[in-house]
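A.B. asks: Attaching a single structure in structure tokens format; questions to follow.
The values are calculated or read from the model by the stated rules, or taken from the named source; none is laboratory data. Just so we're clear, the structure is a prediction, and the values are computed from it rather than from any experiment. Here the Cβ is made from the backbone with ideal geometry for all residues, glycine too, and neighbour counts use every protein chain on show.
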Amino acid sequence: MGRAFARRYAGDLGIDEDPSVWSSDQVLIVLLLRGEDLFGNFVLGDAALERAQRLMLRQPDTIRAEDRADRYGNFAAAALAGRWADLLISEHLAAQRLLSAGVPAAQTEIVFSGARCCLEVARFDRIGAHGRVGFVSLRPLDAAHYGSRDRWVDAADRLERDRWLGVQDADYLRLLWWFGGLIANSDMHFTNTGLFLTSRPFSLVPSFDMLPMLYRPNTTGEIVAREFCPPLPTPAVVDHWRRAAAMAEDYWRTVEQTEQISRAFRDMAGGNAEVIRTLRGRF
């Protein structure tokens with residue numbers, strides 16, 4: 001979605017379509033000129049604030065539940081090409097598995113729109129039509145105070161030690177790191193988790209973008225075979241790993257049994273469940 005946003009406005013703003021190469025000045029320009037409805041509750045600059053205020057005066061552009069099958073297909077056609085249906089359903093199932101284990105995760109729902117599969121994700125940085133909740137991703141917080149950008153599980157230790165996170169939320173972050181690795185999430189960077197900006201210690205935001213990204217199509221939409229190499233625990237972290245591994249094995253079995261997912265992906269999920277089952281017997 002971030003890349004789609006960049007492609008949409010790159011021409012008007014005179015910047016690159018790839019947001020990963022934006023300079024600090026270009027990021028600032030985007031926030032000033034198109035930052036009225038981004039994540040969290042910050043709006044930068046008077047012009048963006050005025051647009052945000054005008055949005056609040058309008059009737060929200062809501063979509064009735066019975067209209068989603070039509071509208072979501074249009075949204076999908078305007079977004080990305082490639083065979084992502086298996087991954088979208090897998091993301092929904094991962095959120096459901098986390099919630100069932102008592103781990104905060106975004107509320108998701110799968111909606112089929114004609115031949116397309118769409119994933120609806122409820123924003124956790126909004127309250128009602130216009131209320132906003134302060135939110136910061138882990139990347140700027142880490143850049144400002146540590147400059148590590150290593151692993152979530154390492155960040156959890158620092159954030160708990162320095163009272164950015166409480167004990168329970170730090171444990172959630174550790175569990176998410178191991179669970180993600182055990183379900184082939186190869187995209188757990190520091191912008192895919194964050195903290196609510198409340199009083200310290202802050203709260204970890206619900207899990208989002210948790211899916212087997214190892215199996216994403218390449219830029220041409222081609223499905224590339226990739227080897228599943230789940231992370232292994234050291235003695236110091238084996239308790240978190242064991243809990244995550246039990247959840248991951250159950251998750252892969254659920255993916256294997258979900259009929260809306262393609263046969264090839266389900267077969268792969270079954271093989272991954274066997275891998276996790278074998279590892280659980282050894283650790």
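A.B. asks: Any residue in the stretch 15-37 that is more than 29 Å from G131 (Cα to Cα) sitting within a Cβ distance under 8 Å of a residue that is of a type in the set (V, I, T) and surrounded by 12 or more Cβ atoms within 10 Å (Cβ to Cβ)? List the pairs, counting only those 6 or more apart or interchain.
C.D. replies: I15/I29; I15/V30; W22/I15; W22/V30
For every residue, the table says whether it meets (1) at pLDDT 95 or above; (2) over 20 Å from L88 (Cβ atoms).
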residue	(1), (2)
S148	no, yes
D157	yes, yes
Y172	yes, yes
D187	no, no
R200	no, yes
V205	yes, yes
P212	yes, no
G221	no, no
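A.B. asks: A follow-up question, please. With M210, M268, M247 as the choices, which residue is in a helix (DSSP H, G or I) and touching a residue at least 60 places away in the same chain (Cβ under 8 Å)?
C.D. replies: Values: M210 fails: in a helix (DSSP H, G or I); M268 fails: touching a residue at least 60 places away in the same chain (Cβ under 8 Å).
Answer to the selection: M247.
A.B. asks: Any idea how many residues of the stretch 123-139 are at pLDDT 90 or above and over 16 Å from G194 (Cα atoms)?
C.D. replies: Residues meeting the conditions: 2.
A.B. asks: Look at G166 and say whether it is in contact with an Asp or Glu (Cβ under 8 Å, 6 or more places away or on another chain) and small (G, A, S).
C.D. replies: The answer is yes for G166.
A.B. asks: Please specify each residue of the stretch 259-283 satisfying the condition of being surrounded by fewer than 17 Cβ atoms within 10 Å (Cβ to Cβ) and farther than 17 Å from G181 by Cα.
C.D. replies: E259, Q260, S262, R263, A264, D267, G281, R282
A.B. asks: Between D171, D162, D187, D157, which is under 18 Å from F228 (Cα atoms) and surrounded by fewer than 19 Cβ atoms within 10 Å (Cβ to Cβ)?
C.D. replies: So the residue among D171, D162, D187, D157 that is under 18 Å from F228 (Cα atoms) and surrounded by fewer than 19 Cβ atoms within 10 Å (Cβ to Cβ) is D187.
A.B. asks: Sticking with this structure for a sec: Are any residues in the stretch 178-207 assigned to a loop (DSSP other than H, G, I, E, B) and hydroxyl-bearing (S, T, Y), and if so, which ones?
C.D. replies: Across the stretch 178-207, the qualifying residues are S186, T191, T193, T198, S199.
A.B. asks: Tell me which residues, restricted to the stretch 14-31, are more than 24 Å from L119 (Cβ to Cβ) and surrounded by 15 or more Cβ atoms within 10 Å (Cβ to Cβ).
C.D. replies: Across the stretch 14-31, the qualifying residues are I15, W22, Q26, I29, V30, L31.
A.B. asks: Given (1) assigned to a strand (DSSP E or B); (2) out of contact with any Ser or Thr (no Cβ under 8 Å at 6 or more places or on another chain); (3) surrounded by fewer than 21 Cβ atoms within 10 Å (Cβ to Cβ), identify the lone condition not met by C117.
C.D. replies: That leaves (3) as the condition not met.
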